[in-house]
Amino acid sequence: MAYRTVEIDGVRVFYREAGPPDAPVLLLPHGYPSSSFQYRALMPALADRWRVIAPDFPGFGYSEAPDDFDYSFPGYASLLHAFLAELNVDRFALYLFDYGSQVGFQLALKDPDRITALIIQNGDAYEETLGPKYEPLKEYWAEPTDERRTELAKAVSAEGLREEVLGEVPPETAERISPDLWQLSWPLMEPHQDIMVGFFLEILSSVGRYPEYQAYLREHQPPTLIVWGPEDGYMPAESARAYLADLPKAELHLLDGGGHWLLESHLDQVVPLVRDFLDRVT
């Protein structure tokens with residue numbers, strides 16, 4: 001594994017990279033609340049045959065977080081577009097997870113022919129299947145008051161992150177999730193709490209673009225693996241199945257007992273599925 005930084009439009013972006021430089025590329029945009037750190041175990045498990053690249057978004061991990069950056073999903077997608085150009089990456093498979101799915105879809109819309117395949121893991125694109133944990137967000141979207149923002153902001157804390165990770169999975173799954181996921185993420189996130197809270201409203205703009213994401217899938221039919229942790233209050237099993245309406249040939253795997261952070265608890269099941277899929281499509 002290599003740990004590198006590159007300057008993109010005046011912003012120093014940290015990224016992890018492994019694998020042969022001439023191998024097929026898998027791009028790994030991360031989700032909330034972590035960073036490229038969340039792919040620390042998946043990347044070496046694939047790096048014998050694929051070039052795996054995972055950048056940190058500004059405001060997360062070790063990338064810079066300048067005040068004048070566009071902290072939005074389109075802003076991150078534009079950054080990724082320039083990042084790939086800097087690394088001379090033309091075509092790539094794309095891993096879609098959490099916030100990274102919203103960024104990834106908007107990146108794909110810029111140039112769909114660059115995407116060789118999709119791996120979708122607990123990343124939603126269908127409003128009708130949003131889970132019950134979206135209800136406080138929906139109330140905030142309907143009436144974005146300071147009081148509701150303050151209440152949501154309570155989750156952006158060390159204890160809030162712990163609850164997000166462990167709060168809905170069964171005990172036998174929880175004990176397989178390292179506390180590093182939230183303990184090491186929070187000190188890097190704390191100085192940027194306002195950025196994180198701002199994304200609660202930014203999610204609404206991405207939900208508004210779900211029909212665009214669905215149209216992209218229907219039109220281009222990228223080879224797709226859906227591997228999902230159904231114990232997820234934001235994105236339950238119905239969120240995974242919804243993709244089959246637009247991608248009838250997609251491969252769907254719901255992993256028993258798995259939740260939102262499937263790579264922490266079920267990596268041994270995810271890796272062979274991903275390797276087999278990428279072997280066939282890249």
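To keep it simple, each residue is scored yes or no on (1) without any contact (Cβ under 8 Å) to a residue 60 or more places away in the chain; (2) open to solvent by 20 Å² or more (accessible area, probe 1.4 Å); (3) over 21 Å from LEU46 (Cα atoms); (4) in contact with a strand residue (DSSP E or B) (Cβ under 9 Å, 6 or more places away or on another chain).
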{"position": "THR224", "(1), (2), (3), (4)": "no, no, no, yes"}
{"position": "TRP228", "(1), (2), (3), (4)": "no, no, no, yes"}
{"position": "ALA237", "(1), (2), (3), (4)": "yes, no, yes, yes"}
{"position": "LEU252", "(1), (2), (3), (4)": "yes, yes, no, yes"}
{"position": "GLY259", "(1), (2), (3), (4)": "no, no, yes, yes"}
{"position": "GLU264", "(1), (2), (3), (4)": "no, yes, no, no"}
{"position": "ASP268", "(1), (2), (3), (4)": "yes, yes, no, no"}
Find the residue count for the stretch 206-222, including only residues that are in contact (Cβ under 8 Å) with a residue 12 or more places away in the chain and either closer than 18 Å to THR282 by Cβ or more than 16 Å from the chain's Cα centre (by Cα) (or both). 10
From the list ASP113, ASP124, which one is exposed (fewer than 13 other Cβ atoms within 10 Å of the Cβ), at negative phi, modelled with pLDDT of 95 or more and of a type in the set (Asp, Glu)? ASP113
Output the number of the condition that ARG218 fails; it satisfies all remaining conditions of (1) over 28 Å from PHE200 (Cβ atoms); (2) basic (Lys, Arg); (3) crowded, with 16+ Cβ neighbours inside 10 Å. (3)
How many residues are farther than 19 Å from ILE8 by Cβ, open to solvent by 10 Å² or more (accessible area, probe 1.4 Å) and either at pLDDT below 95 or among the charged types (D, E, K, R) (or both) if we restrict to the stretch 27-79? 4
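To keep it simple, each residue is scored yes or no on (1) out of contact with any Ser or Thr (no Cβ under 8 Å at 6 or more places or on another chain); (2) at pLDDT 95 or above; (3) farther than 30 Å from ASP113 by Cβ; (4) of a type outside the set (Lys, Arg).
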residue: TYR134; (1), (2), (3), (4): yes, yes, yes, yes
residue: LEU137; (1), (2), (3), (4): yes, yes, yes, yes
residue: TYR140; (1), (2), (3), (4): yes, yes, yes, yes
residue: GLU151; (1), (2), (3), (4): yes, no, yes, yes
residue: LEU181; (1), (2), (3), (4): no, no, yes, yes
residue: TYR213; (1), (2), (3), (4): yes, yes, no, yes
residue: TYR216; (1), (2), (3), (4): yes, yes, no, yes
residue: PRO230; (1), (2), (3), (4): yes, yes, yes, yes
Regarding the stretch 128-138, can at least one residue be identified that is free of Cβ contacts under 8 Å to residues at least 60 places away in the same chain, more than 27 Å from SER265 (Cβ to Cβ), over 20 Å from the mean Cα position of the chain (by Cα) and open to solvent by 30 Å² or more (accessible area, probe 1.4 Å)? yes
Test SER239 against the criterion of being among the small types (Gly, Ala, Ser) and modelled with pLDDT under 95, and give yes or no. no
Can we say PRO29 is in contact with a Gly (Cβ under 8 Å, 6 or more places away or on another chain) and touching a residue at least 60 places away in the same chain (Cβ under 8 Å)? yes
Go through PRO144, PRO171, PRO191 for me and flag whichever is open to solvent by 60 Å² or more (accessible area, probe 1.4 Å) and within 19 Å of GLU231 (Cβ to Cβ). PRO171
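The values are calculated or read from the model by the stated rules, or taken from the named source; none is laboratory data. Keep in mind it's a predicted model, so treat the numbers as computed, not measured. Cβ coordinates were reconstructed from backbone atoms using ideal geometry, including for glycine residues, and neighbour counts include every protein chain displayed. Just the protein is used for accessible areas: all its heavy atoms, side chains included, with ligands, DNA and RNA removed. Shrake-Rupley method; radii C 1.70, N 1.55, O 1.52, S 1.80 Å.
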